[in-house]
Amino acid sequence: MDMTTMALLAGAGLLGGLCNAIAGGGTFFTFPALLAVGLPPVTAGATSAVAIWPGHAASLIGEGAVLRQELIARPGRVAVFALASAAGAGLLLVSGDALFRQLVPWLLLFATLLFAAGPILNRWLARRGVSIGPVLAACAEGVVALYGGYFGAGLGVLLLALLTVTGDDDLKRLNVVKNALATLATSIAVLIFAFGGAVAWGPAVLVFLGATAGGVIGGRLARRVKPQLLRAAIVCLGLLLVWHYA
C-alpha cells in the first residue's frame with residue numbers, strides 16, 4: 001500500500017470512530033473507504049466488521065451486572081442471536097461479490113433511512129408503549145441478527161428499536177443490552193470472516209488504529225458536538241453513497 005491509501009484508510013477509521021462515539025454511523029466511512037482502495041465488496045464488508053469490532057466490545061466495560069441479568073441468565077436468547085448472526089456472516093461469504101455488489105446500494109439506502117429515522121422511531125415506540133410477545137420478539141431478534149452478521153450498518157438502531165418494544169423502559173439498561181447484542185453479532189461475524197479468509201488484515205489494522213483514535217477524540221467531543229447535526233451529515237453522506245453505488 002502506498003501512503004495515500006494508508007492515509008485514506010486511517011482517516012476513514014478516524015472519522016468512523018469519532019462518529020460512533022457521538023452518534024453512530026461509522027460504517028458509512030469505513031466500508032466505502034475499503035471499497036475505494038480496491039477491495040472486493042465481500043472483503044470490504046468483512047474487513048470493516050473486523051476493524052470496528054473493538055469499539056463495540058469496549059462499550060461493555062463495567063457493565064457486568066446488566067449483562068448477567070439480561071444475557072447470561074437467558075442463554076436461549078443468546079443462542080438464537082448467535083446462530084442467526086453466524087448465518088448472516090456465512091451468507092455473506094457464500095453470496096459472493098457479484099450479488100453483494102448489487103445489494104450494496106439497497107443495503108446502504110436501508111441503513112441510511114434507518115439511521116435517519118432511528119431516534120424518531122424509538123421515541124414514538126416508547127410513547128406508545130408498544131410491546132410484542134416473546135415468540136415474535138425472538139423471531140425479530142433473529143432477523144436483526146441475520147442482518148447484523150451480513151452487513152451490520154445501522155444494527156444499533158435496529159436493536160434499540162426492537163428492545164424498546166420487547167424490554168423495559170430503562171434506556172440506559174436497553175442501551176447496554178443493545179451494545180452487548182451488537183458485540184455478540186459482530187464477534188461471531190469476525191470469527192467466521194477470519195476463518196473464511198475474507199479479511200484483508202493490513203487495511204483492517206489501519207482502519208482499526210484510526211477508529212481507536214477517533215473513539216478517544218469523539219468521547220471528548222461528545223458533549224460539545226450536537227449529535228443531531230452529525231447525524232444529519234452522516235445521512236447526507238449515506239444518500240451520496242447510495243447514488244454513487246447505484
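Laid out as a table, the results:
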{"read-out": "Matching residues, the stretch 28-43, being under 10 Å from PRO203 (Cβ atoms) and without any contact (Cβ under 8 Å) to a residue 40 or more places away in the chain", "value": "GLY38"}
{"read-out": "Total residues in the stretch 15-30, condition under 19 Å from LEU240 (Cβ atoms) and either in contact with a Ser or Thr (Cβ under 9 Å, 6 or more places away or on another chain) or buried (at least 23 other Cβ atoms within 10 Å of the Cβ) (or both)", "value": "11"}
{"read-out": "Matching option when the condition is modelled with pLDDT of 80 or more and either within 18 Å of PHE29 (Cβ to Cβ) or surrounded by 16 or more Cβ atoms within 10 Å (Cβ to Cβ) (or both), among ALA44, ALA116, ALA79, ALA98", "value": "ALA44"}
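The values are calculated or read from the model by the stated rules, or taken from the named source; none is laboratory data. These figures come from a predicted structure and were not determined experimentally. Here Cβ is always computed from backbone atoms with ideal geometry, including for glycine, and neighbour counts include all displayed protein chains.
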